[in-house]
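Here is the structure we will look at, set down as structure tokens.
Taken together, the values in this text are just the output of simple stated rules run on the coordinates, not laboratory data. Please read these numbers as outputs of a predicted model, since none were measured by experiment. In this analysis, Cβ positions are derived from the backbone assuming ideal geometry, glycine residues included, and neighbour counts consider all displayed protein chains.
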Amino acid sequence: MSRRNNKGIGSLHQQHHQNNDAYRSLGNSINAQQLQSIHHQISTFKQYLTDFSKNHRKDIESNVQFRNRFTEMCSTIDVDPLNISRGSLFSNLTGFSDFYLSLAVQLVDIDLQKSIKVLAPLHDNRHQYEIIPVNQILYMRSQPKELNNDMLSLLSLAHSNHGWIDQSLVQNAQSWTVERVRNSLRQAVMDDGILWIDNQAPQSRYYFPSLFQDIVQSLV
């Protein structure tokens with residue numbers, strides 16, 4: 001009688017292990033199928049998103065209402081077009097990171113212009129800001145002394161030359177006398193403090209710190 005019971009218990013244990021193995025195998029199979037289905041859905045989504053962005057890119061960039069609808073569509077899948085980092089999946093598929101980056105820069109520029117205009121009555125003689133146009137490019141003047149025409153000419157010339165100038169470049173471009181060039185450069189460095197001088201070059205170069213972006217781009 002005892003042997004029969006032992007045999008029956010052993011059979012139950014064996015059956016239990018077999019069931020566990022079957023359940024585990026079934027679970028792994030279901031997980032694999034679900035994972036494959038998810039990969040397929042992601043791949044399909046990527047293709048649809050790529051096609052949509054290519055077919056409607058101009059509308060998204062130029063049409064405010066269309067862009068709002070696109071943003072609403074993105075929000076339903078937890079994608080924020082205003083929080084796109086370079087190299088992200090959404091950025092690589094659509095290329096919208098450059099668009100929204102450019103938009104953000106423009107918004108910052110507009111905010112600065114409005115802020116300076118609104119705060120102008122509160123400025124004293126020591127702290128005075130002003131937006132000045134130079135060849136259709138806007139610059140912010142952050143010192144009380146106004147820039148004369150020679151300083152503006154130097155700034156414009158440096159902007160077209162990756163942010164720096166030297167004596168020969170100024171003299172040839174502006175047809176100024178040597179004395180006028182030297183006086184203008186000296187004033188910009190010593191009096192106005194808007195130029196930095198680099199004496200390591202064969203001929204001294206003068207850099208506008210306000211044009212560092214142009215300088216960096218010329219080195220890339």
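Once the Cα-Cα distance is subtracted from the 0.36 nm per residue extended length, the Thr177 to Glu146 segment shows a gain of 8.8 nm.
Each peptide in 181-193, 199-211 gets a packing score, the mean of other Cβ atoms within 10 Å over its residues, and the list from highest to lowest is 181-193, 199-211. Treating each Cα of segment 145-219 as an identical point scatterer and ignoring solvent, apply the Debye formula and state log10 I(q)/I(0) at q = 0.27 Å⁻¹. Rounded to two decimals, the profile gives -1.47.
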